[in-house]
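So the structure is just underneath, and the comments pick up after that.
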Amino acid sequence: MRRVLFLVAMTVSPLSQNMSAQMTGISGDRMRAHVKFLSSDLLEGRGVGARGGELASEYMATQFALIGAKPFGDAGTYFQQVSLVGVEPQPTTQLAMVPASGTPVSFKYLDEFIGVTLQQKTDAAFDASAVFVGHGITAPEYQWDDYAGVDVRGKVVVMFTNEPPSDDPNFFTGRALTYYGRWTYKYEEAARRGAIAAIIIHTTPTASYGWDVVRASWGREDQEVRLAPGEYDLAFAGWVTTDAGQKIAASIGMTVDQLLKAADTRGFKAIELPVHFRGRAPAKIREIHTRNVVAMIEGSDPQLKSEAVVFNAHWDHLGIGDPVDGDSIYHGAVDNATGCAMLLEIARAWEALPEKPRRSAIFLAATSEEAGLLGSRYFGEHPPIAAGKIALAINYDGFQPWGRTSDVVVNGSERTTIFPIVQEAAKRFQLTIAPDPRPEAGLYYRSDHFSFARVGIPAFSIEEGRTLLGKPPGTGEKLYEDYNDHRYHQPSDKYSDDWDFSGMEEYCRFGMTIAIDVANSPKLPTWRAGDEFLPMREKAGVK
């Protein structure tokens with residue numbers, strides 16, 4: 001591994017004067033115009049499957065065409081079609097715990113449980129025995145298997161989110177959450193095991209958020225990529241409150257705390273529960289037709305131009321929703337008109353380079369990020385070139401127009417052999433690499449770069465730091481908290497003429513610098529030894 005890191009580090013070289021000059025020309029004024037238009041009332045919040053979303057994707061494609069980037073979507077177009085299914089759970093959804101003898105315990109929808117069918121049907125029902133499977137994790141690299149010795153086909157699995165706690169970086173990476181701890185993994189693994197339903201017992205510590213967040217997120221339409229013919233998924237994926245979980249735990253004479261302690265203990269064995277779960281999950285179903293926007297600028301090397309670096313930003317937001325202070329348009333100026341503007345400006349600067357890097361560059365404006373990274377996931381599973389030929393993916397999502405900072409966040413880059421290049425770029429721009437402020441929250445798995453990582457492609461987001469130049473200490477944190485509390489996913493996430501785009505200019509240059517060095521390096525990068533995504537990279541043919 002030291003040899004690999006050395007080889008990658010040796011590829012870091014100063015950019016040519018022509019390349020540096022072109023990056024200096026990156027313009028905040030051009031980005032301002034993009035943000036102002038994409039977050040305007042005309043685009044109606046860029047809802048997926050809605051008029052505003054169609055306009056947004058058409059705008060991105062038109063801008064790529066004006067830049068001179070080639071179409072790289074389906075059938076020679078800029079668009080990669082993505083078929084989604086909207087599944088809206090209904091208030092008549094039911095869940096009951098039925099003991100071997102005695103009275104069934106019915107849980108109250110929204111107040112005690114919530115969930116949705118993942119089978120993309122108008123109605124799904126189940127009545128099956130149950131098994132408590134701890135954290136629902138099978139991780140051979142950590143010698144951990146919550147499903148060992150138990151067959152859950154056709155059964156209901158009950159579990160906690162998160163993963164066994166650890167301070168050991170060699171055991172579930174210590175405090176930093178891995179994908180095994182995310183609720184998405186829990187349902188995916190349960191489906192792979194053939195379970196009919198999966199129920200997570202919510203606690204605020206294990207989820208890192210309260211029941212109100214679960215209720216708000218799961219009580220509305222769920223969007224998923226359409227299942228392929230014959231593809232299996234859960235009849236019901238849901239959560240129960242801690243109090244409802246106490247009733248489940250009591251069926252074996254335990255408490256939720258005792259169940260969690262057992263789940264956290266090495267050597268845990270799945271526990272057959274002396275109950276059935278009976279439920280129905282009616283849903284309104286609708287077809288959603290949406291699209292990624294994909295463009296490409298060809299590399300200069302006759303052989304390496306078949307490989308590429310990728311820049312990504314999602315174009316979608318929440319569309320039109322419940323009015324707040326009389327405004328029902330969820331404009332999404334910061335989230336993510338800013339990232340789209342940066343993507344377009346990087347594409348323009350890349351196309352203008354007089355000396356093109358050796359590898360090609362792909363520019364992806366992804367759909368349906370807000371619904372669960374669906375557009376980027378579809379792209380990762382259906383890339384226009386093989387995943388093993390994609391050297392790097394850099395994501396831009398949600399930039400605060402505060403001006404320049406002295407730091408940058410690049411969580412996940414340290415897991416790849418690209419990290420020496422990232423460190424060198426940070427030095428060039430006099431940026432301090434800031435640590436992940438909440439490693440236990442698993443933020444790495446909640447943005448579009450994860451869709452690339454899960455198929456083995458080295459990927460991370462570039463995020464703004466919080467240490468603002470020329471401002472008192474703590475100003476950035478206060479501004480960030482104010483945005484989260486008052487504008488994030490609210491109609492008030494609007495464009496303002498007083499925004500300072502100089503920081504976004506710098507982060508565009510920073511990302512371009514990294515990507516150019518990677519695009520010119522002789523060897524495809526990969527993940528560091530022991531990383532959870534390394535096997536997928538090796539499977540794709542990159543050693």
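Throughout, read-outs are computed from the coordinates displayed, never taken from laboratory work. On a predicted model such as this, the values are computed, not experimentally measured, just so you know. No Cβ is skipped: glycine too gets one built from the backbone with ideal geometry, and neighbour counts run over all protein chains shown.
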Got a sec? How would Thr475, Thr103, Thr405, Thr416 order by Cβ neighbour count within 10 Å, fewest to most? Thr103, Thr475, Thr405, Thr416
Report, in listed order, any pair from Lys70/Lys543; Lys155/Lys186; Lys427/Lys543; Lys305/Lys356; Lys427/Lys478 with a Cα-Cα distance greater than 19 Å. Lys70/Lys543; Lys427/Lys543; Lys427/Lys478
Cα axis of helix 183-192 to longest principal axis of the chain: angle in degrees, 0 to 90, nearest 10? 60 degrees
With θ set to phi - 60° and the Karplus curve 6.51 cos²θ - 1.76 cosθ + 1.60, what are the ³J(HN,Hα) couplings of region 390-405 in order, to the nearest whole Hz, using x for Gly and Pro? 8, 7, 6, 10, 10, 10, 10, 8, x, 9, 7, x, 8, x, 7, 10
Quick check: from the Cα gyration tensor, does region 91-281 come out rounded (a/c under 1.5), prolate or oblate? rounded
Exposed-site-free run, longest, the chain (rule: GluC sites (Glu not before Pro); DSSP loop; at most 16 other C-beta within 10 Å): 1-220
State the answer as a single residue: which of Pro164, Gln143, Thr93 lies farthest towards the positive end of the charge dipole of region 91-281, with beta carbon charges of +1 for Lys and Arg and -1 for Asp and Glu, about the Cα centre. Thr93
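To the nearest 500 deg cm²/dmol, what mean residue ellipticity at 222 nm is calculated for the chain from DSSP H runs of n ≥ 4 alone, each contributing -39,500 (n - 2.57), summed and divided by the residues?
Per the formula, -8500 deg cm²/dmol.
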Whole-Hz ³J(HN,Hα) from phi, Karplus 6.51 cos²θ - 1.76 cosθ + 1.60, for region 334-341, glycine and proline x: 5, 10, 9, 4, 5, x, 4, 4
Let me know the charge dipole size of the chain about its Cα centre in debye, to the nearest 20, where only the beta-carbon of Lys, Arg (+1) and Asp, Glu (-1) is charged. 1360 debye
Amide H proximity to Leu469 below 5 Å, modelled H, separation 5+ or other chain, gives Arg404, Thr405, Ser406
How do 93-100, 249-256 rank on mean C-beta neighbours within 10 Å, highest first? 93-100, 249-256
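Can you tell me the relative contact order of region 403-543? Whole percent, Cα pairs under 8 Å, sequence separation 6 or more.
On the way: 160 pairs, mean separation 50.7, N = 141.
This gives 36 percent for region 403-543.
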Length-normalised contact order of the chain, Cα under 8 Å, at least 6 apart, in percent, tallies to 22 percent
Once you list every other residue whose beta carbon is under 12 Å from the beta carbon of Val256, what net charge do they have if Lys and Arg are +1 and Asp and Glu are -1? 0
I'd like the distance between the alpha-carbon centres of region 316-351 and region 211-232, rounded to an integer number of Å. 23 Å
Using the Karplus curve 6.51 cos²θ - 1.76 cosθ + 1.60 with θ = phi - 60°, what ³J(HN,Hα) values do you get for each residue of region 41-49, in whole Hz, with x for Gly and Pro? 4, 4, 8, 6, x, 6, x, 6, x
Under the definition of Cα pairs under 8 Å and six or more residues apart, what whole-number percent is the relative contact order of region 91-281? 38 percent
How much length, in nm to one decimal, is gained on full extension between Lys108 and Glu477, taken as 0.36 nm per residue of separation minus their Cα-Cα distance? 128.9 nm
